[in-house]
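First the structure, in the form of structure tokens, and then the observations on it.
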Amino acid sequence: MADNSISPVRTRGSFRVWANLSLRVKLILLFLAMALLSVGTIAFLNIRSTSAALTAQTNENMTALAVSEARNIGTLLAKHVSAMQAFALGESTQERVAAQNDAYSGGTEAILSELAKLDEQWVAASDDDAFVRERLNSELAYELKDVKTVVPDFAEVFLTDRYGGLVAASDRTSDYYQADEGWWQAAYNDGNGAVFIALPELDESTGVIGIDMAVPVYDQSNEIIGIMRTTVDVTALLDRLAEVKVGETGEAHLLLEGEVFVGRGGESESFDDPTALAQMETSPTGAIATSYDGHSSLVGYATISSPTGEQYISDLGWKVFVHQDRGEALAAVALQTRNTALLALLIAGIAAVAAVVMGRALTGPIVNLTNAMTQFTAGDMAARAESKSSDEIGALASNFNTMAEQVGDLLTTVQARSADLEERTRELEASQRVTFAASERISPDEMLGLVVDLVRDQFDLYHAQVYIVDEEKQAAVLRQSTGYAGSQLLQKGHQIPLDATSLVSRAIHSGEPVLVADVNQAQDWLPNPLLPETQSELVVPLKAGGRVIGVLDAQDMTPGRFSESTVALFQTMADQVAFLFENSDLLARVTEQAETLTVFTTQLRTAAEIARQASGVLDPEQLLQQVVELMQSRFGLYHAHIYVLDEATGQLNVRAGSGEVGRVLIEQGHAIPLDREKSLVARAARTQEPVLIEDTTLESDFMPNPLLPQTRSELSVPLVASGKVLGVLDMQDDQAGRFAESDVDTYSTLAGQIATALQNADLFTAQQAAETRFRTVADFTYDWETWLGVDEEYIYVSPACERISGYTPQELIDNPNLFADMVHPDDRAAIEDHMHAHSTTAETDPIEYRIITKDGQERWVGHACQAVYDADGNWAGRRGSNREITMEKQAEVERERFTLQLGTAADIATQVNAILDPDELLNTVIPLLKERFGFYYVHVFVLDEAAGELRLRAGYGEPGRAMLEKGLSIPLDREASLVARAARSKDNVVVHDVTVAPDFMPNPLLPDTKSEVAVPMVIGERVLGVFDVQHDEADYFTQADLDVFSTLAGQVATALQNADLFTAQQAAEERFRTLFDFAPEGVMVIDVDKLAFDDVNERALELFGYTRKELLEIGPLAVSAEVQPDG
């Protein structure tokens, strides 16, 4: 009841107080209240909206930066995993891993026990141990090393089988058995398979940050047969992340399983609030305000993922976060709040003064002012108070108008800054779209073309283009450009010399961006008539590995288009484009080199095969015709023919030609004068140098032949032997550019071998006048065919059985179990399963297996079979086809070493072809081989067929001299001799490690021999001797070495036979001259065609009483008349 009585009294008292106040006071109080309320409301709303907008924009920028860096990391991880999976899908990889799996025997306990023993052996073994070398020097190991070369970030790569045993490695691992490792078990995933990516680890000793990765290896049935693992060097990637700066305090880091990874040299950092980590774990991207490492911070974060959405990347849960001190991040918000508060206080003070002054004014001006303030408060920033007097009311109106102007300017400034932030965000998003799209392109030109188009379109520019530095031309060459103007510039091959005065050259030399806000004010700006609207230009260098590889040139029609923030953004984008371009260009070059190596190797083997087949042919006509036919078919040429030089007439005559055209040219007696200027063939013969025409339509010296209308490219190679031109090998093709400079060495080597063989054939014909030619049967490779009857006994075995297995067909027929015995023990189970299958089904899948030949060699055989039925449809057995595929299983030749050896072989062949003395020939070859190839020792044995032994004919250095003095010889039938075995088998004999070879004969004069190759020197079916090479390193010789040695041995054998034939011919001529000159009766040699004396001996001169000159001049008719009786 008391409260009810007090309230009305107080209300009435307050009203009486207000009613008793003067109008001036009332006006002052009312004006102050309205002014403070209006200004405070505007300031509060302005501060609140501006702070929210700036804070949201800051969070979005930090989140966008985190997303960009997270995508970069995810893309790199996905690319490395894809590279490993691509290798794991290789057929050779699967076969080798499966082979090791199949090699185990017994149950799981037996296998694990065997692996434990192998692991102990591996740990205890040295690097030179054969067991270690088998895993580090195998073909698969070299392929893993090639993977490291192609992907430089891979620190080591190795493969295990399904049980964890090591199959092959690029570098030696600490353990052989890997299945007890956590990464292996995660990748194996209980047989289900999974991609394993470990947390980054910093090696304190080297400063390298690595990530272990492992992927399963599947077979064709999608079952896991092994695990492939690598360690990826991500130091550069994470260093680049650490270099990301936002303001003075902002940095970027990785968040891995709740822990902050700061990379190299960084101190430990962490989130102070666990709830912040929980919030980051539940959202893939976002921004939060929290306490980080003791500082109030804003944090933008994003989950690492790849653009192609690989689940195993997202499942890692790794995050990139960008943090910045909250005070620095929101500095603009604090400044805006402070300025607004100060302005509000200022306005409040002005309002107080104005209220006192306006209290003396009339009610009308006060109402007018109140109305103006009401309009302004409602949002009409153009509202102003009328000021018609200079009294207090007029001053208050003027002050109010000034306040309105200031508030309007403040709002305009805030709006302008918001627009600038929006523009920067748009440009950042455009830059991300450019780099993301470019990362998905493999071809360098395709990537650059996409980049310039996206830069122009995403940034709404007038023109964009990319120049690449050409060090050879010393110019910046235009590589990609947009629009019609760009296509015209590319078509003209537009380029800018590096020493020219231009924005492009300045950016290349300085390595810094070059910005021209107004091209009309720039002295070194080069106008382009195809781009007349350019008003501003930005040139940004493309830098990779610390060097400038080109520039990104952007042009616009608006002066001042590019700001400083745009320059920084373009530089970041240019760095990413340069990195992608370098990787793409490297991949393109590796691919091109691999394709070139394949073509080059095929050409060399084809040339060697042609030379081998031709070396045994001693009939010149047959030799040349066989060569051109083989060359056309093996090299796929449009036409090939050989001209032979007739020195007497100075004509180059067609001696052999491929196909019908070659036959017609020979029948027509086609010839070319040696002195004809406009003839490629004549020029090659005169200069003794190859002549190459890549496009005949552009060559004035090309002489078209109506029989060969489709010729578009031609290569003429002289046939030179003993420094003498014998003829020209001419090859033509119907495709321009078919022959390249890289082909010249191959064809020159082949031409030299053809010339030597041709010279050899001519000498042989001269010596053996009674025998006109020899026929050499080419050694064609035929499959080993079998017919197994219903009683499981062989009905038929083809002769190729002996060539492949060493066993005659009859041996196999007599002993049906012989086939199972010759199969490699590791492959017998698979063969038994296959045989059982083909006895119950009509068709079976092909199978590959190994055999042990009669002489103990291991060979691979590809087998396919099918059922045979008689005329009545009854099963008559099984027809099988076995093809030797050993070569397909062998490792590829190392390119550089093979090319060097081939060039050396060609040089040696050139030198030895000119030597006709056997001893001089061998004493020239031996030092060349030893010194050029860097061998430990080289010597040559020559076969004495009569004595049945191989005698040392030449050797290198003091050991060779000592062995020659002792008359070293080896019986041909000696079993424990590599040299004798090579001569008997007519095949190369190689020992990779002499310490484990039972038939190696150690020589006390050569104590350091570790590996040896014996190569027979064979002409046709005849063995001339053995070319023996030794090295002081084990496992030194490769298949490429054997190919070169075989070629060298053939060349040396041909040259040696040539020299022996020449020596024999000279001896025969000397014997003939001795018999002729010292005959007791007169002997005269008559040329029946010319009816003249060719020669006479001394006894004939004595009988007729003439001098030699007189007798040769008068001829046989005059002498005959003198000795006839009269009448």
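The values are calculated or read from the model by the stated rules, or taken from the named source; none is laboratory data. Small disclaimer: the values here were computed from a predicted structure and weren't measured. Heads up, the Cβs are rebuilt from the backbone with ideal geometry, glycines too, and the neighbour counts pull from every protein chain shown.
Return yes or no: is residue 1063 over 60 Å from the mean Cα position of the chain (by Cα), among the β-branched types (Val, Ile, Thr) and surrounded by fewer than 21 Cβ atoms within 10 Å (Cβ to Cβ)?
Values: over 60 Å from the mean Cα position of the chain (by Cα): no; among the β-branched types (Val, Ile, Thr): yes; surrounded by fewer than 21 Cβ atoms within 10 Å (Cβ to Cβ): yes.
In short, no.
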>> Can you say whether residue 1037 is of a type outside the set (Lys, Arg) and outside any helix (DSSP H, G or I), as far as the supplied structure shows?
In response: yes
>> Please pick out the residue among 532, 541, 527 that is out of contact with any helix residue (DSSP H, G or I) (no Cβ under 6 Å at 6 or more places or on another chain), closer than 20 Å to residue 476 by Cα and either of a type in the set (S, T, N, Q) or assigned by TED's automatic domain parsing to the domain that holds residue 465 (or both).
In response: 527
> Which of the residues belonging to segment 260-269 are loosely packed, with under 13 Cβ neighbours inside 10 Å and small (Gly, Ala, Ser)?
Replying inline: 265, 268
> Which residues, taken from segment 788-826, are under 24 Å from residue 95 (Cβ atoms) and free of Cβ contacts under 8 Å to residues at least 24 places away in the same chain?
Replying inline: 819, 820, 825
> Are there any pairs with C-beta distances below 9 angstrom linking a residue in segment 1098-1112 that is within 18 Å of residue 1080 (Cα to Cα) to a residue that is among the β-branched types (Val, Ile, Thr) and surrounded by 15 or more Cβ atoms within 10 Å (Cβ to Cβ), with the two at least 6 apart or on different chains, and if so which?
Replying inline: 1099/1083; 1100/1083; 1104/1096; 1104/1119; 1106/1096; 1106/1114; 1106/1119; 1108/1096
> Restricting attention to segment 986-1005, which residues are more than 24 Å from residue 1023 (Cα to Cα), of a type in the set (A, V, I, L, M, F, W, C) and in a loop (DSSP other than H, G, I, E, B)?
Replying inline: 997, 1005
>> Looking at segment 848-859, I want the residues that are more than 18 Å from residue 92 (Cα to Cα) and have a partner that is among the hydroxyl-bearing types (Ser, Thr, Tyr) and surrounded by 13 or more Cβ atoms within 10 Å (Cβ to Cβ) with Cβ atoms under 7 Å, at least 6 apart or on another chain. Which pairs are those?
In response: 851/805; 853/805; 854/805; 854/807
> Out of the residues in segment 182-191 that are in contact (Cβ under 8 Å) with a residue 12 or more places away in the chain and closer than 21 Å to residue 80 by Cα, which is farthest from the chain's Cα centre (by Cα)?
Replying inline: 189
>> Looking at segment 929-952 only, could you name the residues that are closer than 25 Å to residue 1063 by Cα and modelled with pLDDT under 80?
In response: 929
> In the set 507, 554, which member is assigned to a helix (DSSP H, G or I) and in the same structural domain as residue 451 (by TED's automatic domain parsing)?
Replying inline: 507
> Filter segment 510-551 for residues that are small (Gly, Ala, Ser) and assigned to a strand (DSSP E or B); which is surrounded by the most Cβ atoms within 10 Å (Cβ to Cβ)?
Replying inline: 550
> residue 239 passes all but one of (1) at pLDDT 90 or above; (2) within 28 Å of the chain's Cα centre (by Cα); (3) of a type outside the set (A, V, I, L, M); which number fails?
Replying inline: (1)
